[in-house]
Amino acid sequence: MLETTTADGVQCLRMARTLLGRGRYFTAAYRVAGLMVDSGCAHALPEVLAAVPAGSVRTIVNTHSHEDHVGCNHWLQQRDGATIYAHPLALPVLRDPRLRGPLHLYRQVMWGSPLPAAGRPVPEVLETALGRFRVLPTPGHSPDHVVLFQEERGWVFTGDLFVGGEDRASRQDANGADLIASLERVQALHPTRIYPGSGHMRTNPAAELVRKIEYLKELREAIVRLRSAGRSVGAIRRKLFPKPMVMEALTLADFSGGNLVRAFLKEAGA
Ligand SMILES: [Zn+2]
């Protein structure tokens, strides 16, 4: 399923697999003045191609290489001749989506497997009809993550760097120290709006950013304290996230509380 809305020159494409009558684990792409921020998931390809007018995509910037953000790259490049940009660490995965091994079954089921697409290192600045976008490296959710900042309007397209609520799980490539530093980098931009990878745009996100960063810092302190007391990763997870997580079972622990604990035991940049 795909829901699309357009406001203030930004088309939001929010998409998900429908299971038991409901969309699950939504991902979003945005189209702004010939620029697409992410391209959505492969399963939604026919709907994305129908919702995005032919010839309207000049540039795609992938915020990171996870399959739910790069899934329509190949076809938008073929159809519109779009130039694809991403962080240099993401480019080998865009070229060969199986580089890190076969996609986990749940990721194939939920979002689908992208086809290979050629990308270039993303420049620091992109000029569009809607003004200038600055591209900022923001590792943490993944090492190859960037956000886009539209300076005049104060809008930040945050990909999966900003996820609402309190994190209780992550993928293996997350890094807690980087995540906090990158969120503080976004906070320092004093954004008027955040366009996140979930598709739920926030206006005046300052208070939510403060809460998010405080939560992650408290979580880091608790994890480090328990580790110093000799607790194992599993024991820390059980102590801090005692409720069972359906997602953890569905993903065979690819998206798990243990990964989030380990993310806060890594050095920055690790
Ligand atoms: Zn992601």
Q | Longest to shortest principal axis, alpha-carbon extents of the stretch 9-50, angstrom | A | 36, 16, 14
Q.
How are the alpha carbon pair distances in the stretch 1-122 distributed across 10 Å bins from zero to the largest one, expressed in percent?
A. 15, 49, 31, 5, 0
Q.
Just to confirm the number: angle between the C-alpha axis of helix 206-228 and the first principal axis of the chain, 0 to 90 degrees, nearest 10?
A. 40
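Eigenvalues of the Cα gyration tensor times 5, then square-rooted: what semi-axes does that give for the chain, in whole angstrom, largest first?
After scaling each eigenvalue by five and taking roots: 30, 21, 17 Å.
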Q. Can you give the Kirkwood hydrodynamic radius of the stretch 29-86 from its Cα pairs, in Å with one decimal?
A. 10.7
Q) If you average 1/r over every pair of different alpha-carbon atoms in the stretch 125-270 and take one over that average, what Kirkwood value in Å do you get? A) 16.0
Q | Among L103, V70, G81 the positive-end extreme of the charge dipole of the stretch 1-122 (Cβ point charges) | A | L103
Q. What percent do you get for the relative contact order of the stretch 23-169 when only Cα pairs under 8 Å and 6+ apart count?
A. 21
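Which percent of the accessible heavy-atom area of the stretch 125-270 goes to carbon and sulfur, probe 1.4 angstrom?
54
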Q) Given a 1.4 Å probe, how much area per residue of the stretch 169-270 is accessible, in Å²? A) 52
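The values are calculated or read from the model by the stated rules, or taken from the named source; none is laboratory data. Note that the coordinates shown come from a computational prediction; the quantities given were computed from them, not determined experimentally. Heads up, the Cβs are rebuilt from the backbone with ideal geometry, glycines too, and the neighbour counts pull from every protein chain shown. What goes into the accessible areas is simple: the full protein's heavy atoms, side chains included, and nothing from ligands, DNA or RNA. Shrake-Rupley method; radii C 1.70, N 1.55, O 1.52, S 1.80 Å.
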